[in-house]
Each structure stands twice: as structure tokens, then as C-alpha cells.
Amino acid sequence: METEKILAEWEKETEENGIDETAREAAEEVRSFLQETLKFAYEDGVINENDLDNILMDDDYLLEELTDKTAALNILWGGADSGMVSEEKVESAYLSLIDTLFELSKAVNPIAGFGRDRLLAGLSLLDYFEENRWPVSTAITAGNADRFRQFIPEEHFDDVLCRRKQAIGALRRLGEKTVAAGAAVFSVETDPADDTPVLRLEWIEVHKDLRRQGAGNMLMAEILEPFVKKGDVTLIAELPAIRLDEENGEESDTLENFLDSWRIEFSVTSGRRFTLEGQDLNGNKEIKGLFKEAVPLWKLGDQGEEKVREFFREQDLEYDRELKNLPFSFFDPQVSTCILKKDRITALFLVHRFANGNYRYEALRCPGGYDGPEMKELLRCAYRSWREQDGNGMIFGAFESEEGREAVTALLPELNMPVFFSGFLRSPEEAISTELWDEMRRDAGFSDEKIPDDGLME
């Protein structure tokens, strides 16, 4: 391996040239740090030892590309000011250069060490362009969401509208028009173990005709920016393990390759998510059983909203904080059910209905536990209402606990629990700094002359 050759050459040069003991000790310190850093990287799965030489070569190629793009942009930038070059070409050239910086950030880990430095450098140039030219991205809100609707599935679209999730949209110049090029949806949680942020990538999509032009990398970088600037962050993403058809399979492959390029490591997981087709319950006699106390939310009338809020206030559960902030209208009043005793809600089942007739599970709260009669009461009442509405759609969601999963699957063995690939990108305990990476490049025989200087801003 090239790195081992470099270390061996250091020893040989020291012996032949009779370098004094102080220099020898300094060299040994550098050697020890380099070996430990690479050893950590290998063990952590960040760098495969056999691939390090290829990573260095790819890195050098991208730095060459960065230099060429910088030179071309300096020419186009002046041409745009004089009206000789179209705005579309200037935008394309500038964003292409920024995309190369984002690609360079992904050499090992884009949110740590020299990768983080490169990521922030690309974001800094992006800010410069938007300040001096025009926006190429925007926060998606209720006011502009329709512009990006084609890129966001209904499941996430409704969450963005009620600010349950956040979204960023990519913009691109086509001729004299600015068009929506793609969108990314994400949510933010907190790791209870150390209070560090956990960033969950819910969805990302770029228009087919505008892919491989940097929009996807830009969206990922902008999502990461505020968290990377503050410190450590964990990024989570999920991929379905089963492709339903050829078209979805191609889309899944594209997404998987993209996320893999961001050094997100995936493993197989199951048991959290579920889907249930209404027609699959036709033979389930248990869910069709009688119920006495449960009622749909609509029967609470004008007092429904306050009673639901009062229930959450009394429960005072940290993981219900998000649900507390959702508007009451977000929950379907027909299939969402509750148990009311002495004018107070004591158990609650909430779902959200989409325009296509499908439902998403939001909460099942039985303070007495899942073993009592309340859960059956709630679900039987919900099923009755579902059948009265249509009953042929689908309900889907994710369990919050193993206890809840076991209780519900015992009542509803028809639940389908698909397999997913769950991926993580974390900041490592140790990272290769920019200085160390530059030293590794030089020792591998690559030149620093390819790295652009400050001429770009001038």
C-alpha cells in the first residue's frame, strides 16, 4: 500500500541522512499519529486500507477539475456582467464548481475533518453566489409548497404544510425562467443519550432532466450546514429493501447510489414500520368485535380539540411534544377514536387521512398499558369507522415501542412489516484534518498547485 511505502521511506531517509534525534522524534510523532488515525479509520469502516490509494487519486482528479472550473468561471463571470454570457450558463458554471467541492468533501467523511472544511467551503461559495446573483434554493413553506409538490410525496407534503417537517427546494435557471429542480424533506430529533442533534432525511428527489448537475448534493449540504457548523451530528436515512416494479427499482437504485456517495452506511432493519390493507382484515373476527366505550373524535363536537390537548397535557410525555403542536384538524375525526370517562379522554388513537384515502398512524395512547381492554376498544371502533368510510385503502406507520408492536400484531396478525435498509452518517471520534490530508497527498506524490487560491473571489 502507498501509505506503508511512505512510512518506510521516512525511516530510510532518516537513516541515510543522519537526521538528529530531535528531528527523528518529531518524525516518529507524525508517523504515530498518522498510523493511529488511519488505524481508527480502517476499524471504523470509513476507509478501506486497500482503497486509500484510489481515494487519493480520485481526490487529486477532482482537485484538477476544481482548478479548471475555477479558471472557466472567472472568464464567464466577467462575461455575465457585460451581458455576453447568459445567466443560465453562469449559474451552471458556478454551481458545477461548488458541486465539485461537495464531491471533494465526500472523500472520507463529509461532516468531519477535512471533509467538513470542504463542505463548508462549498456552502460559503453558494452563499456568495446567492448574495451577488440570485437564489438557487429556498425554504419550502405553505406559501410556495405547490411549486415543489411534484417532488414531495403526499405523506411528507402534509407534514411540511403544518411545519411538522422541514423542506428545502432547489431552483435552477432554464433560459430566462427560474424553475423548481428538486426538494429534500427532513426532520430533527435529539439523541437522548448525549443531546446531540439527529437529522432524519425523510425524502430527496431531483427532476430527472436535472440530475447529475449538483442539485442533490446542494440540498444535502444545505440540510447539514447548520448542524455541521455547531458540532457533531448524526444523519439517518432509510431505503426500502423490496422494489415493487422496474421503475421504482431504478429510482431506488439512483437514491441508494446517491446516499452511498455521502458515506452513509446501511444495514438491514425490520419491525418498526408497518402497512395494513383494509381488505386483509375481512377474516379477522377479533377486530370486528363489539366495543362499548370508544367513540370517534367527531362525536366530541366543538370540545374535541380542547379535550385532546388536555389529554396530552396530563400525559406530559416528551415524545408527544410534536403531536401537541399539530392542529386538531390534522387528525381524521372519523377514524381517530378515544375513550371518554367523566368528560375526560383516558385513551386515544389518532390517524391522519391523505387525499388518496390512505391513513397514517400517529398515536396509540393507553395509559393503563396495551394489555387492558382500552386498546381493543379503540381499534375496533376505528375499524368500524374505517369500514363505514371505505375500508379498502391502507393504513401505515411506525411503532414507537416493542411493547406496542407486540400488542397490536397479536390483535392484527395481518400487519405487513417490510424490511428496510437503515443508514447512518456520524461524526467520528477522530477525523483526518485538512493539514494531515494535505500532507498525505504530498507524501503520495500529488501537488498542492492544483488547489485554487483566493483568485476566485477577486
query: For residue 183, all conditions in the list (1) among the hydrophobic types (A, V, I, L, M, F, W, C); (2) at pLDDT 95 or above; (3) under 30 Å from residue 57 (Cα atoms) hold save one; what is the number of the exception?
result: (3)
- request: Identify the residue in the stretch 158-188 that is of a type in the set (Asp, Glu) and closer than 30 Å to residue 331 by Cβ and, among all such residues, is least open to solvent (accessible area, probe 1.4 Å).
  value: 159
- line: Expected output for the stretch 381-405 (first residue over 17 Å from residue 338 (Cβ atoms), partner open to solvent by less than 50 Å² (accessible area, probe 1.4 Å) and aliphatic (A, V, I, L, M), Cβ below 6 Å, 6+ apart or cross-chain) is 395/276
query: Is at least one residue of the stretch 189-198 open to solvent by less than 10 Å² (accessible area, probe 1.4 Å) and either under 23 Å from residue 120 (Cβ atoms) or under 15 Å from the mean Cα position of the chain (by Cα) (or both)?
result: no
query: Pick from 312, 349: which is surrounded by 14 or more Cβ atoms within 10 Å (Cβ to Cβ), touching a Lys or Arg at 6+ places or on another chain (Cβ under 9 Å) and closer than 30 Å to residue 392 by Cα?
result: 349
Single match in 414, 429 (criterion: modelled with pLDDT under 90, open to solvent by 40 Å² or more (accessible area, probe 1.4 Å), in a loop (DSSP other than H, G, I, E, B) and not basic (Lys, Arg)): 429
Near pairs, Cβ below 6 angstrom, 6+ apart or cross-chain, from the stretch 286-314 (in contact (Cβ under 8 Å) with a residue 40 or more places away in the chain and farther than 11 Å from residue 348 by Cβ) to any residue that is open to solvent by less than 50 Å² (accessible area, probe 1.4 Å) and outside any helix (DSSP H, G or I): 293/339; 296/337
Selection count where residues are in a helix (DSSP H, G or I), farther than 16 Å from residue 57 by Cβ, modelled with pLDDT under 85 and open to solvent by 50 Å² or more (accessible area, probe 1.4 Å), scope the stretch 435-458: 2
task: May I ask you to say which residue of 101, 76 is open to solvent by 10 Å² or more (accessible area, probe 1.4 Å), in a helix (DSSP H, G or I), in contact with a Lys or Arg (Cβ under 8 Å, 6 or more places away or on another chain) and at pLDDT 95 or above?
output: 101
- prompt: Do you know which residues across the stretch 335-346 are open to solvent by 60 Å² or more (accessible area, probe 1.4 Å) and in contact with a Phe, Trp or Tyr (Cβ under 9 Å, 6 or more places away or on another chain)?
  reply: 344
field: the stretch 223-234, residues that are modelled with pLDDT of 95 or more and either under 11 Å from the mean Cα position of the chain (by Cα) or open to solvent by less than 20 Å² (accessible area, probe 1.4 Å) (or both)
entry: 223, 224
- prompt: Within the stretch 362-379, can you find the residues that are at negative phi and touching a helix residue (DSSP H, G or I) at 6+ places or on another chain (Cβ under 9 Å)?
  reply: 362, 363, 364, 365, 366, 367, 368, 370, 371, 375, 376, 379
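The values are calculated or read from the model by the stated rules, or taken from the named source; none is laboratory data. Given the structure is predicted, the values throughout are model-derived calculations rather than measurements. Glycine also receives a Cβ, built like all others from the backbone with ideal geometry; neighbour counts cover every protein chain displayed. Ligands, DNA and RNA are excluded from the accessible area calculation, which covers all protein heavy atoms including side chains. Shrake-Rupley method; radii C 1.70, N 1.55, O 1.52, S 1.80 Å.
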